[in-house]
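Step one of this worksheet: look at the structure below.
Each reported figure results from applying straightforward, stated rules to the coordinates on display, with no laboratory input. As the structure is a prediction and not an experimental result, all values here were calculated from the model. Here the Cβ is made from the backbone with ideal geometry for all residues, glycine too, and neighbour counts use every protein chain on show.
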2 protein chains.
Amino acid sequence: MPFDLILKNISKYIGLDEAEKKTFTNHLTTKTLNPKTIFLKSGEVCKYSAFVIKGCLRGYTYDKNGTEHVLDFAPPDWWIADMYSLITQKPGFITIEALEESEVLLLSKKAQEELYSQIPKLERFFRILTEKSLVANQQRLIDNMTLTAEERYNIFCNRYPTLINTLAKKHIASYIGVTPEFFSRMRAKSIRNN
Amino acid sequence: MPFDLILKNISKYIGLDEAEKKTFTNHLTTKTLNPKTIFLKSGEVCKYSAFVIKGCLRGYTYDKNGTEHVLDFAPPDWWIADMYSLITQKPGFITIEALEESEVLLLSKKAQEELYSQIPKLERFFRILTEKSLVANQQRLIDNMTLTAEERYNIFCNRYPTLINTLAKKHIASYIGVTPEFFSRMRAKSIRNN
DNA sequence: TTTTAAAGTTGATGTAGGTTAAGAATTAAT
DNA sequence: ATTAATTCTTAACCTACATCAACTTTAAAA
């Protein structure tokens, strides 16, 4: 059942009866993404939130030199979208790409708003989700302001132990906020000191 | 009327009738804060969101060296709280302080949750508020990863033109993410080049 | 009004992390 | 299985910003 994971995810925060679950899942579309498929391109309007059930996506922006900066990884059980663009329905600056063969559930902005009126409890669910996302994001900002690259890497390893082996090092480096070269040196050093 | 500002703020996103407005404002407490008053201390549990109607507050954390890092300023018409602590009701890491004589409206976590059931529309209001906050925060993270201190300062000046003159330079420096010394040099240079 | 403390500035020097470049190791394509 | 492309690593050098210290200015206290 492709909806098991998302329903279990929701049930952590709100209770839905069978009819409500059905209403909810009726608004979802399943989509398979091949590796390197671009799900959302910078400059486009983000029309869907994606809930990952298999594989892994990443979201990133370009800076003025054209360098990519990874903003988030989305392994199974995570949502990903360009929140700015999704909310404003203006062209965004984030590109979202499948890193491997992935499966996602799509919830369109329109469907989401319909669901808010049909099942008001979902407003609570998404509020809580957004709150958690905000807190995580604030913590990351704090970490970027107060910690060294090495400390941020350690936090990353602890928080996403499963991702470390599957992700390309350059993507981890970018998420941490350093160049691949420095990341490589950093790791070589920390291996030596163990 | 101390509630005018907050009611106007709310009315941007949802409509409340007179009875609902009354119910809402009944859950608020007014508080005056003298300059340098600490409204929330790192290590404490955050029990209130504060909506500023006069003056200005700032939120900051300490790093392991004891250096302060300003996370946000809250001029009138802004909310401020330690979201992590407020949501989890665990001791937080943020200190919130009045920079000048300020007046705030307090909404306790408990009152907020009561309001969600009494006036479900407020769930929407706070969802939207949190979404906006998340987007702003993500943008700030992107700016920190992709821009120089000078570029971040320019953005700050454009975004908060009124604050530039009232805030202490060391607080702006901290918000931007540089030392007061470097901030000073940066400004000296940019004045020279004008 | 004078004193004291805090904030801001300027200079000399240090460092985390960036850049450029070239080779080694993987991975993908033929 | 080879070739081609991408990713990763290592090294030399570079820059944005930090640190420390002394001085000046501003603001707060007495």
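The label point for B:R185 and the one for B:K41, both projected 7 Å from the Cα toward the Cβ, are 3.7 nm apart. For A:C56, the residues whose amide H sits under 5 Å from its own are A:L99, A:E100, ignoring neighbours fewer than 5 places away on the same chain, with H placed 1.01 Å from N. For chain B, complete DSSP H runs whose alpha carbons reach 30 Å or more along their own long axis and whose mean Kyte-Doolittle score is -1.0 or higher are B:121-146. Does the stretch B:24-112 come out rounded, prolate or oblate, given a ≥ b ≥ c as the square roots of the eigenvalues of its C-alpha gyration tensor, rounded meaning a/c under 1.5 and, failing that, prolate meaning a/b above b/c? Taking the square roots of the gyration eigenvalues as a ≥ b ≥ c, the stretch B:24-112 is oblate. Inter-chain Cβ neighbour count for B:100-111, averaged per residue, equals 0 (cutoff 10 Å, partner chain atoms only). Between copies, A:K21 shows label-point distances of 4.4 nm, shortest first, with the point placed 7 angstrom from Cα along Cα to C-beta. Within the shell defined by Cβ-Cβ distances under 14 Å, the residues around A:L33 carry a net charge of +1, with Lys and Arg each +1 and Asp and Glu each -1. Neighbouring Cβ atoms from other chains, within 10 Å of the Cβ of residues in B:82-88, number 4 on average.
Peptide B:115-127 has a mean shielding of 3, counted as Cβ atoms of other protein chains within 10 Å of each residue's Cβ.
The length gained by stretching the chain between B:Q118 and B:K64 to full extension, at 0.36 nm per residue less their Cα-Cα distance, is 15.1 nm.
Between the alpha-carbon centres of the stretch B:1-25 and the stretch A:115-166 there is a gap of 31 Å.
Applying D = kT/(6 pi eta Rh) to the stretch A:94-171, where Rh is the Kirkwood radius over alpha-carbon pairs, T corresponds to 20 °C and eta to 1.002 mPa s, the Stokes-Einstein value obtained is 136 µm²/s.
In the stretch A:1-149, inverting the average of 1/r over every pair of distinct C-alpha atoms gives 16.3 Å as the Kirkwood radius.
Across q = 0.24 Å⁻¹, the stretch A:1-64 modelled as identical point scatterers on its alpha-carbon atoms has Debye log10 I(q)/I(0) values of -1.15, in the order of the q list. Which whole-number percent of Cα pairs in the protein assembly as shown have a distance greater than 38 Å? So the pairs more than 38 Å apart make up 23 percent of the total in the protein assembly as shown.
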